[in-house]
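Notes follow the structure.
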Amino acid sequence: MKESEFDKLLNVNTEGSQRGFNDSPHFHRYEPTSYALLDRLFSQYQLAESDRLVDFGCGKGRLNFYVHYLFGCETAGVELNPEFYNDALKNLAEYESKRKNTKGKIRFYCCPAQDYTINSRDNRFYFFNPFSVQIFMSVIANILRSVEVVPREVDVLLFFPSDDYIDFLEHRTSFELKQEIELPGIQKNLRERFLVYHLSGTGLET
């Protein structure tokens with residue numbers, strides 16, 4: 001199914017990438033994960049209806065709508081760019097207009113990722129290389145503090161992960177690699193894959 005066809009199915013418009021560059025070198029240009037790759041990821045990694053997934057750098061909300069459509073679980077999208085945030089809200093209104101009992105299941109927040117307050121029910125976190133490792137470290141620290149307050153198992157899902165992200169998770173936190181999902185026909189760039197990291201305990205390693 002083409003990108004536009006899947007958008008039509010969901011009654012949203014999530015196509016298009018960011019033009020130009022961000023003012024801050026810490027935030028990377030937005031590009032949505034293709035539906036074909038999301039199909040690949042979630043054919044091998046399942047969510048439960050009780051999960052709550054947060055997409056950092058959600059753009060127009062593609063992942064949020066896709067995940068709710070597929071699994072019925074709650075999602076949150078965190079977006080710094082006010083234009084993309086407004087597009088996500090417009091998409092949310094259109095998505096909800098075609099589906100009953102979706103009110104409150106999808107929420108969007110316009111703020112820096114490190115300022116997002118981790119909800120005690122947030123337990124799945126998606127990153128498509130949205131920002132520098134410094135901000136990533138701050139976000140992970142927020143997640144760990146939340147887990148210390150309300151103990152729960154959490155997963156971090158990385159697409160196109162940088163070596164810095166991987167090194168931080170594997171050597172400076174208690175996250176452990178749970179699953180690697182390779183992409184068919186792509187062998188030129190090792191970053192073109194999904195990695196799932198799992199945390200069953202709490203806190204940073206000392």
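Can you give me the number of residues within the stretch 109-136 that are under 20 Å from residue 51 (Cβ atoms), open to solvent by 20 Å² or more (accessible area, probe 1.4 Å) and outside any loop (DSSP other than H, G, I, E, B)?
Residues that pass the stated criteria total 2.
Considering only the stretch 91-113, state which residues are under 19 Å from the mean Cα position of the chain (by Cα) and within 12 Å of residue 12 (Cα to Cα).
91, 92, 95
Kindly provide the set of residues from the stretch 142-179 that are loosely packed, with under 15 Cβ neighbours inside 10 Å and in contact (Cβ under 8 Å) with a residue 40 or more places away in the chain, ordered by number.
Within the stretch 142-179, 148, 151, 153, 179 meet the criteria.
The values are calculated or read from the model by the stated rules, or taken from the named source; none is laboratory data. Since the model is a prediction, treat every value here as computed from it, not as a measurement. Here the Cβ is made from the backbone with ideal geometry for all residues, glycine too, and neighbour counts use every protein chain on show. These accessible areas exclude ligands, DNA and RNA; they are computed on the full protein's heavy atoms, side chains included. Shrake-Rupley method; radii C 1.70, N 1.55, O 1.52, S 1.80 Å.
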